[in-house]
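Everything on this sheet refers to the single structure shown next.
What follows draws every value from the coordinates through simple rules; no lab data is involved. Bear in mind the structure is a predicted one, so any value in this text is a computation, not a measurement. Glycine also receives a Cβ, built like all others from the backbone with ideal geometry; neighbour counts cover every protein chain displayed.
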Amino acid sequence: MHQPTTTPRPSIYYPYAVHPAWLPSQHAAQGRARVVIVGSGPSGMVTALELARHGVPSVILESELQVSQGSRAIVFTRRSLEILQQVGVAHRMASNGLPWRFGNSYYRGQRVFRMEAPHDPDDRFYPLLNIQQQYMEEYLYDACQASGLIDFRWGNRVDRVEQQTDGVALTVDTPEGPYTLQADWLVAADGGRSGIRTAMDLQMEGASYEGRFVIADIRIDLPLPTERLAFFDPEWNPGNTVLMHREPHGIWRVDYQLPEGETAEEALQPASLKARIDALIAQIGHAGTPWEMDWNSVYSARALTLPDYVHGRILFTGDAAHLLPIFGVRGANTAFQDAQSLGWHLAFVVKGLAGGSLLGNYSRERVGAAREIIEEAGKSTRFMTPPSRGFRLLRDAVLSLSLTQEFVRPLYHWRTSRPHAYTHSQFNSPGDDDALFTSGPAHGAPPQNVRLGADDYLLDHLGGGFDLLVFTSGPGIAPSLVQVVQAARERGVPIKVIAVGAAQPVVGADVTLADSEGRVRSRYGVQANGAAYLLRPDQHVCGRWVTLDATRLQAALENALPQ
């Protein structure tokens, strides 16, 4: 029998709650589930919440009884918060996290590069937000509990998975013994050490790097702003890299690279941890400042992905699908994008709104995103942890030149995670006017937010299905367009019409946004009435027109929902 620990994880700042195990004897006989999700990390819970937004119930199986230990993912991007806004937790993240936009790189006591992430009044969220993963998981769990469509089962470990023609059979162990569970679809969100991926003998592609880092959460009072600090080749850790981030509740995250040949066991010895953290604190000018350890671990940089995320009725997402280096905050932020994409693709298949080929598109798009990230992350990783003598010579030359030469300093940029644009997606409308626009989000791009009022932004009005933005100052949407929209709704496709530019409610539109200052028109490159954008359920653009008629809208919807 599976016996997860019932002792709260130790922490000096986070109150771990131990949840009661879900036991089969306390519930009715198990019926067939539409979707079972294995793992309750960022990708698992966001997938469940996205499915719930589309009316699809799911079961989450989590082997432990509490959220994850340690800060783990701590930096969340603006796009991640926009995704989390859709599932109802962004406000708690923003209220309790620490926003920031500057990163500093130091070499031999001199700041040689200062990164500035763009931010303007049209953005609801800051470019980056620091908050520990435990809090994020807590907020997501509360949202799952409130949804009414998510059956969350703590203390349920998946021991066996058997793929069948029309579904998946699972053997699940609990503190009172095993039970079987049938599902139409199984989502493997069981993390970097995915047992499902291992059992299926699926091989990942990419690279592993020799550099390893100690990750430590310490409580210390430092009079420093919330900005990323990176130190290259410090005297106390020669040839290596050190990172620092401020976290909520007086916690600082410290990441420092291990010298070559040192084992993880040696690095995590209390004496070793104390000597190195003391040296770091002295380096930043606060020698002798008392600190307290909360949690520590060792991390290895890897850049790997499965070549396909869809295997019959089993779908992979998050770290179960790919392993990405921490540099550039790519882990959880990529997992959110995976989950948002998988949620709508799978929901539309489950509801019969599209054929199974829709899931192939999920795999192609997200594998493409992972490979783009791996290419970018590889550049950062090779700079942070040179994998060979040649790379180290190049990196050291950049370090040396950066003391006096401005032109090399941008090479320190860590290439922060950004949302992938599905530029070549098969769902992009081939008959639209994308090529005629000179600005605005293009094919496959995520939307651009626009501030409409004191606490009112464009993205507040989007989501839950397809969004058709029609730019007009007239009294109504063309009846032929309304007929196409109504026909799509009659077959179950969620689609919302948003009129942009009229002072009064527009007939045929679900929402009217006045856009009195023309801010939406400007950001979306719209020159005249009649222009339109069609956004997918994950908000990425799949069509835009200088003028839109019913025939082209019908073709775009059919292209985005293959039967």
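For the chain, the antiparallel share of DSSP beta bridges with both residues in that region comes to about 70%.
Close amide H partners of Ala33, meaning residues 5 or more places away or on another chain with modelled amide H under 5 Å apart, are Gln182, Ala183, Asp184. What separates the Cα centres of region 526-552 and region 155-211 is a distance of 40 Å. Look at where the Cα atoms of region 251-305 and of region 89-105 average out, and the two centres are 23 Å apart. Sequentially through region 117-130, phi angles give Karplus couplings (6.51, -1.76, 1.60; θ = phi - 60°) of 7, x, 7, 9, x, 7, 9, 5, 10, 5, x, 9, 9, 9 Hz, Gly and Pro residues having no value and appearing as x.
Positive-end ranking of Ser95, Gly167, Gln539 along the dipole of the chain, with charges on Cβ about the Cα centre, is headed by Gln539. Within the shell defined by Cβ-Cβ distances under 11 Å, the residues around Gln66 carry a net charge of -3, with Lys and Arg each +1 and Asp and Glu each -1. Computed about its Cα centre, the charge dipole of region 205-302 is approximately 220 debye, with only Lys, Arg, Asp and Glu carrying charge at their Cβ. The mean sequence separation of alpha-carbon pairs under 8 Å and at least six residues apart, normalised by the residue count of the chain, gives a relative contact order of 15 percent. Considering only alpha-carbon pairs that sit under 8 angstrom and 6 or more positions apart, the relative contact order computed for region 3-141 is 26 percent.
Cβ-Cβ distance of Ala271 and Ile12, R₀ of 25 Å, FRET efficiency by 1/(1 + (r/R0)^6): the value works out to about 0.80. Grab the beta carbon distance between Asp549 and Glu517, set R0 = 22 Å, and tell me the FRET efficiency rounded to 0.05. That gives a FRET efficiency of 0.15. Label-to-label distance for Leu222 and Arg114 is 1.8 nm, based on points extended 7 Å past Cα in the beta-carbon direction. Per residue, the average separation of C-alpha pairs within less than 8 Å and at least 6 apart gives region 434-560 a relative contact order of 32 percent.
Here region 434-560 is treated as an ellipsoid with the same Cα gyration tensor; its semi-axes, largest first and in whole Å, are 20, 16, 15. Quick check: Cα centre of region 462-492 to Cα centre of region 426-455, how many Å? Cα centres, region 462-492 to region 426-455: 17 Å. Helices of the chain meeting both criteria, an alpha-carbon length of 27 angstrom or more along the long axis and an average Kyte-Doolittle score not below 0.0, with helices taken as full DSSP H segments, are 331-350. Helices in the chain, meaning DSSP H runs of at least 4 residues, each add -39500 (n - 2.57). Divided by all residues, the mean residue ellipticity at 222 nm is -8500 deg cm²/dmol. Most tightly packed first, judged by the mean number of other beta-carbon atoms within 10 Å of their residues, the peptides 126-133, 507-514, 142-149 read 126-133, 507-514, 142-149.
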